[in-house]
Ligand code: NAD
């Protein structure tokens, strides 16, 4: 099993180091190879996604990614900015399905912005389509308006579109995920206003016929945004398009308290994936040794489960995270009175010890 390790910028290197140590502590053999990506790659090779980094990502069985983004490169032309590396990897690896669990650890319910009783036991999976929708639809740009409310004025425009096969393949990913969880899928759309999402609703309904064990409900996106803060535990698996998924997955993330806890997986048709924390490169805390490495460690667990077929190892990591949190260890982002504040390295050490059955609070 070959894993491409792409740490990236800011806290990326610190948190990926810990995830690599955790993978190394398992009784499994991996080949792990590291290449720079993002601003770190631009600094060395003059491009955020150099050819050798892309080559490694393409030939590996899975990619473990930290985060990219560095304010020093914010004035570069758009194609050279660090964030372009993520878009390039998604495109070249065909990563169309983004899986974002929002799981509220019992030990961290107080960190949520919602009342503990609303989030205690929360376990939602958002399946977001990642390569289509208004983010990629052509034509797009600026032009002089010929009609609308202000003909003759400058206007910006984008194109929202989804083809039937694009909707079918993400629906299959979501139905399969739902059938291994609570057996319930909520498809989020805006079929009452948008043609694209009327087609979305029709196609998801059609695909449902192949999954009789899964209960399907359709929900408008505005209602989904409300339900996520009103009664999130009534939701289990949500599937939606790129734009709505972008927004709803961040909303769901906040229900769990800290972005430092949330892993993600982006998969292609053959199950190969890129695994990364849901947060960015956090330049404000980079180099201080205080970043929470758990989102990245849990991303490594998702990698073992979804791309490398190592379900036991994935569960062992998740269990180790539980053990360490129950013992009261907290990085500053999830710290509260009465718990023990630790840094990035100490949190990694604790997970490694817990995996070896040697952890002592
Ligand atoms: P961010 O997620 O990096 O940080 C937001 C806040 O959360 C900050 O206060 C940060 O300190 C905190 N935070 C994030 N991760 C944390 C962790 N593991 N432990 C503790 N605290 C954590 O978002 P931002 O500040 O909007 O963006 C910073 C840079 O990251 C930008 O350049 C942006 O483009 C980039 N970014 C990259 C990705 C990616 O690589 N996929 C995703 C989002 C943002």
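What follows is calculated from the coordinates using simple rules that are stated; it is not laboratory data. Note that this is a predicted model, so its numbers are computed, not measured. Every residue, glycine among them, receives a Cβ derived from its backbone with ideal geometry; neighbour counts consider all protein chains shown.
Some points to look at:
- Most fluctuating residue given options 95, 311, 185, as computed from a GNM of the chain linking Cα atoms under 10 Å: 311
- If R0 is 25 Å, the Cβ-Cβ spacing of residue 32 and residue 72 corresponds to a FRET efficiency of close to 0.35.
- For the pair residue 138 and residue 346, a Förster radius of 56 Å applied to the C-beta separation gives a FRET efficiency near 0.70, rounded to the nearest 0.05.
- When region 1-67 is reduced to its Cα atoms, the Kirkwood hydrodynamic radius in Å: 12.0 Å
- Relative contact order, whole percent, for region 225-290 stands at 21, derived from Cα pairs under 8 Å and 6 or more residues apart.
- If you look at the Cα atoms of region 9-155, you get an Rg and a Dmax of 20.5, 67 Å.
- Inter-part distance where region 288-352 and region 1-60 are each reduced to a Cα centre, Å: 19 Å
- Within a Gaussian network of the chain (alpha carbon springs, distance under 10 Å), most fluctuating of 346, 59, 18: 59
- Nearest-ten-degree value, helix 164-180 long axis tilted from longest Cα axis of the chain: 40 degrees
- The angle between the Cα long axis of helix 84-93 and the longest principal axis of the Cα atoms of the chain comes to about 80 degrees, rounded to the nearest 10.
- The three principal axes of the C-alpha atoms in the chain carry coordinate ranges of 67, 49, 39 Å, sorted with the longest axis first.
- Mean Cα-pair separation over length for the chain, i.e. relative contact order, pairs under 8 Å, 6 or more apart, %: 21 percent
- Peptide packing: for 64-72, 176-184, the average count of neighbouring Cβ atoms within 10 Å per residue gives the ranking 64-72, 176-184, highest mean first.
- Exposure proxy ranking for 266, 326, based on other Cβ atoms within 10 angstrom of each Cβ and starting from the fewest, stands as 326, 266.
- Two-site FRET efficiency, residue 217 against residue 270, from Cβ-Cβ distance with R₀ of 25 Å, rounded to 0.05: 0.25
- Taken over the C-alpha atoms, region 102-150 has Rg and Dmax values of 20.8, 57 angstrom.
- With Cα atoms, 0 to 90° folded angle of helix 242-255 axis to the chain main axis: 40 degrees
- Fraction of alpha-carbon pairs over 28 Å apart in region 98-261 - percent: 29 percent
- Residue among 128, 201, 143 with the largest mean-square fluctuation in a Gaussian network model of the chain, springs linking Cα atoms under 10 Å: 143
- Separation of the residue 180 and residue 311 label points, Cα + 7 Å toward Cβ, nm: 0.7 nm
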